[in-house]
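Okay, so here's the structure we're looking at.
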Amino acid sequence: MEKENAQRVISDAEFVQWLKLAQSGDQEAMSRILYLFEEDIQRTSRYIRMSREDAVQSIVVDFIEELRQELKTEI
């Protein structure tokens, strides 16, 4: 368990690089960001009154929209 969590720790600079790539349409970078937050997404989904699968999907969709919206705000 400890090793798994250690793999999800990245530097701020690396995260910013992934974020910029994801905002420009890079699917691999978006997947990496989603993987980075997967544990938090799963934990949060427990508090939403719908099936776990639907809750996770809803969180992921909202998260992706928020990441994309951040790009529009910077321009």
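Rule-based calculations on the coordinates, nothing more; no lab input. What you see is a predicted model, and the numbers here were worked out from it, not measured in a lab. Cβ sites come from the backbone with ideal geometry, for glycine too, and all protein chains shown count toward neighbours.
In terms of Cα atoms, the Rg and Dmax of region 27-68 work out to 10.2, 30 Å.
When ranked by the protection proxy of mean other Cβ atoms within 10 Å per residue, highest first, what sequence do the peptides 33-39, 61-67 form? It would help to have the intermediate numbers written out before the result.
Values: 33-39: 14.7, 61-67: 12.1.
Listed from highest to lowest mean packing, they are 33-39, 61-67.
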